[in-house]
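Asker: The structure that follows is given in the form of structure tokens.
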Amino acid sequence: MDMPMDINTLYEAVARHARREPDSIAVRHEGAALSYAQLLRLANRAASGLARRGIGAGDLIAVQLPNSLP
């Protein structure tokens with residue numbers, strides 16, 4: 001699948017899809033599923049938490065997550 005030229009990040013791609021089809025499934029794992037709207041809310045929540053700690057665009061971070069869905 002080709003990405004539109006105005007999409008530069010994974011976040012932008014997820015946000016665009018969430019606007020178009022918020023209830024479509026973005027992620028499935030072991031019987032659980034997240035919609036694009038839910039995935040976008042989680043991404044925004046994580047970004048807000050990082051921003052509260054002074055982390056912003058261009059900063060590098062390491063992330064370790066469990067192999068499960070919330």
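The values are calculated or read from the model by the stated rules, or taken from the named source; none is laboratory data. Model, not experiment: these values are computed from the prediction. Cβ sites come from the backbone with ideal geometry, for glycine too, and all protein chains shown count toward neighbours. For accessibility, only protein heavy atoms count, side chains too; no ligands or nucleic acids. Shrake-Rupley method; radii C 1.70, N 1.55, O 1.52, S 1.80 Å.
Asker: With each label point set 7 Å from Cα along the Cα-Cβ vector, what nm distance links R41 and S68?
Answerer: 2.0
Asker: Can I ask one more? Rounded to the nearest whole Å², what accessible area per residue is found for the chain with the 1.4 Å probe?
Answerer: Working: 5900 Å² over 70 residues.
Spelled out: the 1.4 Å probe surface of the chain, per residue, equals 84 Å².
Asker: Which residue, A33, A47, A57, tops the fluctuation ranking in a GNM of the chain built on C-alpha contacts under 10 Å?
Answerer: Of the options given, A57 has the highest mean-square fluctuation.
Asker: Ignoring ligands, DNA and RNA, what percent of the accessible area of the chain is carbon or sulfur (1.4 Å)? Don't jump to the answer; show the numbers that get you there.
Answerer: Details: 3180 of 5900 Å².
Ligands and nucleic acids excluded, carbon and sulfur reach 54 percent.
Asker: Please work out whether the range 9-50 counts as rounded, prolate or oblate from its C-alpha gyration tensor, where a ≥ b ≥ c are the square roots of the eigenvalues and a/c under 1.5 means rounded, while otherwise a/b larger than b/c means prolate and anything else oblate? Please report the intermediate quantities before stating the final value.
Answerer: On the way: a/c = 2.11, a/b = 1.24, b/c = 1.70.
Oblate shape, in that a/c is at least 1.5 and b/c is the bigger or equal ratio.
Asker: Let me check the size of the chain from its C-alpha atoms; what are the radius of gyration and Dmax in Å?
Answerer: 13.5, 36
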